[in-house]
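Right, one structure below, let's go through it.
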Amino acid sequence: MFWRILFDSIVRRKLRKALAVFAVWIGISLVVGLLMLSIDTGDKMNLELGSFGANIKVTPVSFSIPVTVGDYSLNSEKVSAYLEESAFQKLKEIFWRNNIMGIVPRLWASAQLNGKNVPLLGLWLEHKIPLEGGEVFVSGARQVYKHWAIQGNWPLSGAENTGLIGQELAGRLKVSLGDQVEVKTDKGSIDLEVLGIVSTGGQEDSAVIAFLETVQKLAGLQGKVSEADVSALTTPENRLAEKYRIDPKSLTSAEYERWYCTPYPENIASGIQETIPNSVARVVRRISETQGAVLTRIKGLMILLAIFTLISCSLSIMGILASAILDRRPEVALLQALGAKRTNVLALFLVEVAFLGILGGLLGGITGSWVGRGLIEAIFGGKPDGHLALLILSPFLGLIMALIGSLGPIWKALGENTAQVLHGN
Amino acid sequence: MIGKMVRKSLFKNIRITLWTLVTLTISAALITMFATVSFDIKKRMGNTLRKLGPNAVAVSRFSENERPLNLDEWGQFRAIVKREGIPTVELSFDIVTVEGKPVVLAMADSEKLAQMTPYWIVIGHRVWKEQQCLIGKRVAELLKLKPGMSITVHQPSGAKKETGYSIAGIIVSGDENEDRIFVPEPLAETIQHGFIYALLSVPEGGNGIHRLNTQLGQVQSHIEIKPLREIVHGEEATLKKVVLLSSACLMTVMVLTVLGVSSALLSRIVERRKEFALLQAIGATRRSVISFLLLEGMSLAVLASALGFAAGTLLSEMVVRQIFHVSVTPQVTALPITLVVTLVVSLLASSAGVARALKMQPALVLKGE
């Protein structure tokens, strides 16, 4: 009997039921979409923070103090220590391999251009590192130095005799785009086509930049690099990291385990240092602190905004369902007048609302994933992660919201005077 | 007449009026909050980023070899940045020897430097006094120095050839500052040659830097302000994403609010079917019923927008204080947005209600069918 009445109730007044489902559907779609965006924001924003450039600098162990100020070397130090280029390939095999987003080994040398002594910089422009499983990790200046302003084009892989020239040097030596310049060292020379003029705000502005292999050959330093920039996904330093920094021994074994498995900048730097022989990996604090501050605030903001959106959604769904239930007061009164118990009427309406909520939630989950995907792609431009949990959760979310939204109005309708309601008062 | 009817109707159905007003106010408050946060967030995030360190460096266009140091040019620079209220710290450099090893000696105002480099970790004391110095981590490691120890700096170019300092702290910065010694020295008194630059935290990133360079160009200064490109670029990219994120939230909340407000107003009309039937039965024209309902909806929307604007501004203050630890700037533009959205939705929902109310047969409704 109960199920027959329920079935009839659902089948009748299809438009009204469709409207209730539609309200839950729209509400849940937006909530799921925004939740997807909130969940993905941390990771996507962290990737986005790569636009600040490298946050770890790797240099050879040195027994002398570099004497440089800004772009100017006041006392040019003769570099005698180098790192092995091949060791940098291994960074994609270490414990933190998934956190290493970009590597740029660099070799500084001296050369002559138009009879003037100029710094020569060789680096990975777009280097391919084969990974386990046949995938390829592409890393180099193009991926890491997103802040470089290039007038012209980046040199393409394979075009060894093409390169870039720093803006300041190009102005000083009157070199233009497309010019062929002869770069000469003690070990050889090359005719380099200037494909781009680069402005970096750093030492590169007064240097000639070419493929690492080219510079290694010109400097007679095959397989060697003088430094490297690494861009890594990190977790902002918190109290635990600070506690470790002040006194590593003060950590309990559980805290140490948590610290060890968290990608704090210092942890990743330490992993890099262990992998590259005779190296010192330093966290560039100006970058890592900025990244940490941005990430902490954005995560906090998204959580708060998601909470308020959930409140807003709950209120909307509650309002719509309340309106639908209020419209059906005579039906409630009639059932009671025919002898139905309050619990029976309550159960009948709640089961009906639950069905509508689950249906709306299910549809909302599907379209919400699509909305979230669209939002993530529009804002971050990357491929969103899968969120199966949200899809599974959405019917329950629809159910809870529908029940919360309708319980009050149903209870109110049950409390009204049956005769008066049926009389139309 | 209609105005009087609306007033009486709102007070007569006080329970329904209050419920509708609460729903509308909550919706308006959420719109105000999201709009305020969306508009204010760029500024707040920008200010936060500007407190994390410099984003530009001021240097002479000429190297020491090309042209000797001219302190007058720095005077013009100082006047401009002071007028613009831009946090700045000037550093002058010299090559000195400590224990026979060449090291870069940086001279700067200790408090200004501390404000400009909050990202440094300093083992020991952050702000140092006269005859005290901060030393970079690499210098400390290579010279085996610790806080509290003393060093003698041999400064061939200075007025005083030898100066003793006690070490206040060791700097961990991950950059070239780890290779330097920082001492407090007034610039002009000691530096007649060497190298000077200034670190600046310029609001508005690239645009702010361009504006400063234009002003320096107007006074024909040879000082140039160069952006720290990775910082400026990173900040611009971050702020763009933050604005997009908050706009997405604002749009979502607007759609949800439209749903909520419409349903609240519709249910208000549904509950009062008899009232409208009675109005029609005693001779009210369709036009007057429409005007009555629309005016009622508009009155509620205007009141809810005002209350919602106040509540929403308070909510956004809570959100911004929680995240950025500063007060929000109330956004006047959030008021018209809230008002327009609430009014338009109210009018649309009221119109739907009116259409529904006018479809009813007064006789049947009054009979209770």
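Of everything in region B:71-94, what is of a type in the set (A, V, I, L, M, F, W, C) and either without any contact (Cβ under 8 Å) to a residue 40 or more places away in the chain or closer than 18 Å to B:LYS146 by Cα (or both)? Give them in sequence order. Break it down into steps so the answer makes sense when it comes.
Let us first name the residues in region B:71-94 that are of a type in the set (A, V, I, L, M, F, W, C), namely B:71, B:74, B:77, B:79-81, B:86, B:89, B:91, B:93.
Within region B:71-94, B:ALA79 is the sole residue that qualifies.
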Single unsatisfied condition, B:VAL89 versus (1) among the aliphatic types (A, V, I, L, M); (2) modelled with pLDDT under 85; (3) outside any helix (DSSP H, G or I): (2)
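Evaluate the following for A:LYS224: is it open to solvent by 30 Å² or more (accessible area, probe 1.4 Å), over 29 Å from B:MET116 (Cα atoms), over 22 Å from the mean Cα position of the chain (by Cα) and away from chain B (no Cβ under 12 Å)? Show your work before the answer.
On the way: open to solvent by 30 Å² or more (accessible area, probe 1.4 Å): yes; over 29 Å from B:MET116 (Cα atoms): yes; over 22 Å from the mean Cα position of the chain (by Cα): yes; away from chain B (no Cβ under 12 Å): yes.
Judged against the criteria, A:LYS224 is a match.
Here are some residues: B:LEU239, B:LEU303, B:LEU245, B:LEU256. Which one is of a type in the set (A, V, I, L, M, F, W, C), part of a helix (DSSP H, G or I), out of contact with any Pro (no Cβ under 8 Å at 6 or more places or on another chain) and more than 28 Å from A:SER38 (Cα to Cα)?
Values: B:LEU239 fails: more than 28 Å from A:SER38 (Cα to Cα); B:LEU245 fails: more than 28 Å from A:SER38 (Cα to Cα); B:LEU256 fails: more than 28 Å from A:SER38 (Cα to Cα).
B:LEU303 is the lone residue from the list that is of a type in the set (A, V, I, L, M, F, W, C), part of a helix (DSSP H, G or I), out of contact with any Pro (no Cβ under 8 Å at 6 or more places or on another chain) and more than 28 Å from A:SER38 (Cα to Cα).
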Residue within region A:232-249 that is part of a helix (DSSP H, G or I), surrounded by fewer than 14 Cβ atoms within 10 Å (Cβ to Cβ), of a type in the set (S, T, N, Q) and out of contact with any strand residue (DSSP E or B) (no Cβ under 9 Å at 6 or more places or on another chain) present: no
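Yes or no: region A:341-349 includes at least one residue that is in contact (Cβ under 8 Å) with a residue 24 or more places away in the chain, within 19 Å of A:MET318 (Cα to Cα) and surrounded by fewer than 20 Cβ atoms within 10 Å (Cβ to Cβ).
yes
I'd like to check something: does region A:372-382 contain any residue that is away from chain B (no Cβ under 14 Å), touching a residue at least 40 places away in the same chain (Cβ under 8 Å) and surrounded by 15 or more Cβ atoms within 10 Å (Cβ to Cβ)?
Step one: filter region A:372-382 for residues away from chain B (no Cβ under 14 Å), giving none.
The answer is no; no qualifying residue exists.
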Selection count, region A:188-198, where residues are open to solvent by 10 Å² or more (accessible area, probe 1.4 Å) and in contact with a helix residue (DSSP H, G or I) (Cβ under 9 Å, 6 or more places away or on another chain): 4
Single residue of region B:247-261 satisfying the filter (at pLDDT 75 or above and more than 7 Å from chain A (Cβ to nearest Cβ)) that is nearest to B:LEU300 (Cα to Cα): B:VAL258
Test: residue in region A:296-307 that is open to solvent by less than 30 Å² (accessible area, probe 1.4 Å) and either more than 9 Å from chain B (Cβ to nearest Cβ) or closer than 30 Å to B:ILE269 by Cα (or both): no
Residues being within 10 Å of chain A (Cβ to nearest Cβ) and open to solvent by 10 Å² or more (accessible area, probe 1.4 Å) - total across region B:40-60: 6
Hits in region A:265-294 - residues which are closer than 24 Å to B:PHE324 by Cβ, out of contact with any Gly (no Cβ under 6 Å at 6 or more places or on another chain) and crowded, with 22+ Cβ neighbours inside 10 Å: A:PRO265, A:ILE287, A:SER288, A:GLU289, A:THR290, A:GLN291, A:GLY292, A:VAL294
Any chance A:SER312 is within 14 Å of another protein chain (Cβ to nearest Cβ), farther than 21 Å from B:ARG138 by Cβ and surrounded by 23 or more Cβ atoms within 10 Å (Cβ to Cβ): yes
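What residue, among those in region B:192-230 that are part of a helix (DSSP H, G or I) and facing chain A (nearest Cβ under 7 Å), is least open to solvent (accessible area, probe 1.4 Å)? Talk me through it step by step, then tell me what you get.
If we filter region B:192-230 for residues that are part of a helix (DSSP H, G or I), which is where we start, we get B:205-218, B:229-230.
Filter again for facing chain A (nearest Cβ under 7 Å), leaving B:229-230.
Numbers: B:ARG229: 67, B:GLU230: 41 Å².
In this case the residue turns out to be B:GLU230.
So, in region B:259-300, exactly how many residues are among the hydroxyl-bearing types (Ser, Thr, Tyr), surrounded by fewer than 21 Cβ atoms within 10 Å (Cβ to Cβ) and part of a helix (DSSP H, G or I)? Steps first, answer last, please.
We begin by selecting, within region B:259-300, every residue among the hydroxyl-bearing types (Ser, Thr, Tyr); these are B:262-263, B:267, B:285, B:288, B:291, B:299.
Going one step further and asking which of them are surrounded by fewer than 21 Cβ atoms within 10 Å (Cβ to Cβ), we end up with B:285, B:288, B:291, B:299.
Remaining after also requiring part of a helix (DSSP H, G or I): B:288, B:291, B:299.
Residues flagged as among the hydroxyl-bearing types (Ser, Thr, Tyr), surrounded by fewer than 21 Cβ atoms within 10 Å (Cβ to Cβ) and part of a helix (DSSP H, G or I) within region B:259-300 amount to 3.
Taking region A:10-33 on its own, how many of its residues are without any contact (Cβ under 8 Å) to a residue 24 or more places away in the chain and under 30 Å from B:ALA248 (Cα atoms)? So that I can check it myself, show each step before the final result.
Residues of region A:10-33 that are without any contact (Cβ under 8 Å) to a residue 24 or more places away in the chain, as a first pass: A:11-15, A:18.
The next check asks that each one be under 30 Å from B:ALA248 (Cα atoms); those that pass are A:18.
Going through region A:10-33 one residue at a time, the tally reaches 1.
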Number of positions in region B:122-142 that are open to solvent by 10 Å² or more (accessible area, probe 1.4 Å) and either touching a Lys or Arg at 6+ places or on another chain (Cβ under 7 Å) or assigned to a helix (DSSP H, G or I) (or both): 4
Residues located in region A:129-160, provided they are basic (Lys, Arg) and more than 14 Å from chain B (Cβ to nearest Cβ): A:ARG142
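Being in the same structural domain as A:LEU375 (by TED's automatic domain parsing), at pLDDT 80 or above and of a type in the set (Lys, Arg), is that true of even one residue in region A:311-331? Break it down stepwise before answering.
So the first thing to find is which residues in region A:311-331 are in the same structural domain as A:LEU375 (by TED's automatic domain parsing), and the list is A:311-331.
From what is left, the residues that are at pLDDT 80 or above are none.
No; the residues of region A:311-331 include none that is in the same structural domain as A:LEU375 (by TED's automatic domain parsing), at pLDDT 80 or above and of a type in the set (Lys, Arg).
When the residues of region B:33-62 are filtered to those that are assigned to a helix (DSSP H, G or I) and among the aromatic types (Phe, Trp, Tyr), which remaining residue is farthest from B:TRP120 (Cα to Cα)?
Narrowing region B:33-62 to residues assigned to a helix (DSSP H, G or I): B:33-50.
Filter again for among the aromatic types (Phe, Trp, Tyr), leaving B:34, B:39.
Details: B:PHE34: 35, B:PHE39: 32 Å.
Here the answer is B:PHE34.
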In region B:262-285, the residues that are more than 7 Å from every other protein chain (Cβ to nearest Cβ), under 21 Å from A:MET318 (Cα atoms) and of a type outside the set (S, T, N, Q): B:LEU265, B:ARG268, B:ILE269, B:ARG272
Any chance B:GLY234 is within 7 Å of another protein chain (Cβ to nearest Cβ) and over 30 Å from A:SER312 (Cα atoms): yes
Matching entry among B:LEU265, B:LEU244, B:LEU250, B:LEU259 (being farther than 23 Å from A:TRP25 by Cα and among the aliphatic types (A, V, I, L, M)): B:LEU244
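The values are calculated or read from the model by the stated rules, or taken from the named source; none is laboratory data. Here the structure is a predicted model, which means the values were calculated and not measured. Methodologically, a virtual Cβ is constructed for each residue, glycine included, from the backbone with ideal geometry; neighbour enumeration extends over all protein chains shown. SASA here: full protein model, heavy atoms, side chains in, ligands and nucleic acids out. Shrake-Rupley method; radii C 1.70, N 1.55, O 1.52, S 1.80 Å.
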